[in-house]
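Chemist: I have a structure I would like to understand better, so I am pasting it below and will then ask my questions one at a time.
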Amino acid sequence: MQCPQCSELQISDGLRFCRNCEHSVLEGANMSEVEKSKNKSMPLITGVNKGFLMLIIGVASTVLLSLFWDVGAPLEIIVRLFTFISFLFAIIGVLQILRALQLFDFSAINYLFGLIARRPAENTFNQMRADADNEQDTNLNQKFDTLLQKFKPAKKYLDRVTIKSTEEVLFLKAAEIDWIEPTGNYLKIHNGKETHLLRETMNSFEAKLDPKKFVRIQRSAIVNVERIKKLHPLFRGEYEVVLLDGTRLTSSRGYRPKLQKVFGADL
């Protein structure tokens, strides 16, 4: 098959078009519809790309060389000559773009719209299949994350507290703690009739304790679950927490979900 304009045929990337004059050669070509649509658009894309590249290089060179016009003879003559050449290069780039637009077969736009209109069902099916594949990938990722969580080593919580004072260093088992409250920059740890001061914040110390064994019932109280004897409902989701030694504390509404997590959602 020959180009109807210049009698020359060039084949590039599996697409039939004439590189000599950039004319599309579609008549009688054994190509798929996708290849034909690409073939019709290729001359415009190629020509515009070449033109813009030449235009950018020409303009950039012209601007850059114009900064050296006052270097003095004889370099000034050479610089001005190269500036003129760069300006011509930019003009050639513009002409290249105009030539590509002139040779472009604008019927390709209607061809592409017609191709899409003829295949709505196929496009919908492909989109549905892609969505199904994405959903399957999401399910696989969730299963994989669940499997990783099973093999992830369990977090180790504090089982013994080291309390330093000027007289001694006391080692207190976490299970022996009744409840904890803040006092200034310290925590007051209640252990039966004894109390101990530990330089720590409530938030950091709470993170070290096992949430199944200790529950924070308000901003200023963390309680050992095993020391809770009973709960008395109050107003607006609050409770009076009674410990085994008779200590009475009040839980706040904001910490009710933590109590529910330990004792059940019926609270």
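Chemist: Would you list the strands (runs of 3 or more DSSP E) that sit entirely within region 227-267 and hold 1 or more residues that are farther than 23 Å from Glu176 by Cα, at pLDDT 90 or above and not acidic (Asp, Glu)?
Modeler: 228-233, 239-243
Chemist: Just name the residue that is surrounded by the most Cβ atoms within 10 Å (Cβ to Cβ) out of those in region 153-183 that are in contact (Cβ under 8 Å) with a residue 24 or more places away in the chain and part of a loop (DSSP other than H, G, I, E, B).
Modeler: Ile177
Chemist: To continue, here is another question. If you check Leu243 against the conditions, is it of a type in the set (A, V, I, L, M, F, W, C) and loosely packed, with under 13 Cβ neighbours inside 10 Å?
Modeler: Against the criterion (of a type in the set (A, V, I, L, M, F, W, C) and loosely packed, with under 13 Cβ neighbours inside 10 Å), Leu243 does not qualify.
The values are calculated or read from the model by the stated rules, or taken from the named source; none is laboratory data. Being a predicted model, the structure only gives us computed values, none of them experimental. No Cβ is skipped: glycine too gets one built from the backbone with ideal geometry, and neighbour counts run over all protein chains shown.
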